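Where a number appears in this text, it was derived from the coordinates with a stated rule and is not lab data. For clarity, every value in this text was computed on a predicted model and none was experimentally measured. Cβ placement follows ideal geometry from the backbone for every residue including glycine, while neighbour counts extend to all protein chains displayed.
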Amino acid sequence: MSRFAEPMARLIEELRKLPGIGSKSAQRLAFHILRSSDTDAAALSKAIHELKAHLRLCSICNNITDVDPCLYCSNAARNQRLVCVVEEPTNISTIEKTRNYNGVYHVLHGTLSPLNGIGPEHLRIGNLVTRIQGSDVEEVILATSPTTEGEATAGYLAEQLRLVNRNLQGPVRISRIATGIPAGSDIEYADEVTMTRALEGRREL
């Protein structure tokens, strides 16, 4: 039998489903909501409802958006011939913060992970291939994370894009983001893979 009233126990259980939220955190959030005003509780409920009702995936790049195509794909000022492939929609904001990229994006919504049963059919790869085949894209930047899954995904995408290139008159350039020593860190603590990537991604000064 739950030590909380049924409505509270139900809310705690739903909050526990959120990533990074354990039982204690779920309880704190639930009691915070209980102590909030009716106006604040209603605003939270409305925000969640509108999130589910109005957000969708962009039909071109799979980014989360409330308009289709999204603001990046429909922006004529951006370089539509340069496509950066990322794992998740949240990765876009990280790249945008650099203010050095003016192309468009393609969101995979995950990475290949055979151990977790995630194969190519579970990612947004098919419409990337279709997108490249039916456009004048000149370069695809593979910006997946330098993890085991991210590297495997980048390798798979590169192979698929090479197959596409065989049928194109103007081959698309395939590039991979350089990874290496983070700014402000000590080389002494860099692992072998990180140091190798740093050397491979070196540039002339």
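Assorted remarks:
- Computed over the chain, the range of Cα coordinates on each principal axis works out to 65, 47, 35 Å, biggest value leading.
- Within the chain, the longest run free of exposed loop sites, counting trypsin sites (Lys or Arg not before Pro) that sit outside DSSP helix and strand states (H, G, I, E, B) and have at most 12 other Cβ atoms within 10 Å, spans 18-96.
- Rg to Rh, two decimals, where the range 12-129 supplies the alpha carbon set and Rh follows Kirkwood: 1.07
- Rounded if a/c under 1.5, otherwise prolate or oblate - the range 6-54, Cα gyration tensor axes: oblate
- Mean separation of Cα contacts under 8 Å, 6 or more apart, over the residue count of the range 79-205: relative contact order %: 23 percent
- The helix-only estimate of mean residue ellipticity at 222 nm for the chain, built from DSSP H runs of length n ≥ 4 each weighted as -39500 (n - 2.57), is -12500 deg cm²/dmol after division by the residue total.
- Enclosing the Cα atoms of the range 127-205 in their convex hull gives a volume equal to 124 cubic angstrom per residue.
- For the range 16-85, the Kirkwood radius over C-alpha pairs fed into Stokes-Einstein at 37 °C and 0.692 mPa s yields D = 215 µm² per second.
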